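Values quoted throughout were computed directly from the atomic coordinates according to the rules given, and no laboratory measurement underlies them. Predicted model, so just to flag it, every value in this text is computed and none were measured. So basically every Cβ, Gly included, is an ideal-geometry build from the backbone, and we count neighbours across all protein chains shown.
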Amino acid sequence: MSLKEKIESLEAEVAAAVARTAEEVEKFRVATLGRNGSVTALFEDFKQVASEEKREFGQRMNRLKQSAQARWEELKASLDQESSSNGSTADPTRPALTEQVGSLHPITIVRQRIVDVFARIGYTVSQGPEVEDDHHNFSALNFAPDHPARDMQDTFFVDLGSDIALRTHTSSVQVRVMEGSKPPIRTISPGRVYRNEAISARAHCMFHQVEGLYVDKGVSFAELKGTLDYFAKSMFGPEVTIRMRPSYFPFTEPSAEVDMSCTICMGKGCNVCKHSGWVEIMGCGMVDPAVLTNCGIDPEVYSGFAFGMGVERVAQLIYRVPDLRLYWENDVRFLRQFSDGAFRG
Ligand code: DAH
């Protein structure tokens with residue numbers, strides 16, 4: 001084979017070279033550019049080239065050497081790229097990156113528990129808007145026109161009209177459900193509510209409530225008490241008892257405040273229950289006939305009960321968070337401490 005033919009065949013060989021592994025890349029380098037490689041060997045043959053042809057052959061051989069060099073670099077680079085994309089050079093003994101798994105917010109955990117307890121006895125879940133009108137938040141619920149809750153001091157009115165406000169309680173959803181459906185109605189309405197309160201460790205301008213409503217023929221106060229007793233025991237344990245104290249709400253008659261035996265001291269008396277052995281957990285009562293009428297339900301045929309509780313309040317008895325503001329700050333160091341599994345229900 002003449003030198004010219006050798007150069008031509010090596011040019012073709014270099015251009016077509018492939019390598020799938022680091023060993024193959026190295027083999028290519030040794031076979032072409034190595035001390036005994038085919039390209040290197042050509043320079044031995046060069047010595048026999050006639051002097052008038054030396055210039056032409058010299059240039060061509062240098063170009064071949066450069067392209068062999070370039071091809072080797074290329075093969076190496078494509079291999080590096082591949083190994084970094086398929087991870088084959090990753091260290092398999094390196095500790096795995098552990099996924100940070102989030103958790104539910106404590107208020108969400110407690111709200112879901114409350115919903116679960118009522119779902120078991122046939123309550124549906126209903127919702128209403130947080131920006132509410134006077135009719136649903138106050139009037140239909142029998143609040144007198146001059147009731148102090150309607151005062152700007154207590155309620156956030158919104159610049160959308162004189163009777164639009166952020167709802168002050170989830171009782172507004174009672175009205176929406178009664179207006180929109182026929183008895184029997186058995187529903188709970190969890191949601192966020194707003195009041196114009198100075199923010200402190202014990203009060204906030206927004207918090208959560210769960211409202212309950214049961215309307216049917218012949219619903220009695222005894223059923224109200226039985227339902228709330230079932231709720232307290234399901235939520236806090238079978239040893240818990242409740243008591244009812246007469247109270248007043250515009251939308252229920254009679255109305256009551258519900259206390260539960262203190263879960264912290266088991267009724268013996270502690271700081272949480274202010275040494276009374278009882279903690280207040282909700283308000284309730286028989287739906288006022290005027291409210292039924294306002295919502296298009298005949299009070300001669302139907303009766304019902306309603307109740308409303310604060311989710312933060314219930315959460316407080318479970319988690320004993322010392323400052324309500326922590327619930328809103330979204331500090332992960334606080335939030336990470338809660339998981340559904342840790343619930344002492
Ligand atoms: N809406 C009342 C509040 O925010 C709570 C309440 C009391 C709801 C008695 C009721 C009820 O349904 O019957 O303070």
### In the stretch 42-77, the residues that are surrounded by 15 or more Cβ atoms within 10 Å (Cβ to Cβ) and out of contact with any helix residue (DSSP H, G or I) (no Cβ under 8 Å at 6 or more places or on another chain)
Gln69
### Summary
Residue hits (the stretch 293-319; over 28 Å from the mean Cα position of the chain (by Cα) and away from the ligand (no atom under 13 Å from the Cβ)) are Thr293, Asn294, Cys295, Gly296, Ile297, Asp298, Pro299, Glu300, Val301, Tyr302, Ser303
### Only listed residue being over 19 Å from Cys295 (Cβ atoms) and either out of contact with any Cys (no Cβ under 6 Å at 6 or more places or on another chain) or loosely packed, with under 14 Cβ neighbours inside 10 Å (or both), chosen from Val177, Val193
Val193
### Message
For the stretch 250-279, which positions are surrounded by fewer than 16 Cβ atoms within 10 Å (Cβ to Cβ) and closer than 30 Å to Lys217 by Cα?
### Response
Glu253, Pro254
### Query
So which of Ile107, Ile121 is β-branched (Val, Ile, Thr), within 23 Å of the chain's Cα centre (by Cα) and under 30 Å from Arg176 (Cβ atoms)?
Ile107
### Query
When you scan the stretch 234-345 for strands (runs of 3 or more DSSP E) that lie fully inside it, which ones turn up with 2 or more residues that are closer than 30 Å to Leu104 by Cβ?
252-261, 278-287, 303-310
## Note on the structure
Within the stretch 244-260, residues over 38 Å from the mean Cα position of the chain (by Cα) and within 9 Å of the ligand (Cβ to nearest atom) come out as none
### Residue check for Thr98: loosely packed, with under 10 Cβ neighbours inside 10 Å, of a type outside the set (Phe, Trp, Tyr) and under 30 Å from Ser339 (Cα atoms)
yes
### Query
Looking at the stretch 135-169, which of its residues are touching a strand residue (DSSP E or B) at 6+ places or on another chain (Cβ under 7 Å) and either closer than 21 Å to Pro250 by Cβ or within 13 Å of the ligand (Cβ to nearest atom) (or both)?
Asn137, Thr155, Phe156, Phe157, Asp163, Ile164, Ala165, Leu166, Arg167, Thr168, His169
### Message
I'm checking my understanding of the structure. Among residues of the stretch 262-291 that are within 33 Å of the chain's Cα centre (by Cα) and over 15 Å from Gln316 (Cβ atoms), which one is nearest to the ligand (Cβ to nearest atom)?
### Response
Gly283
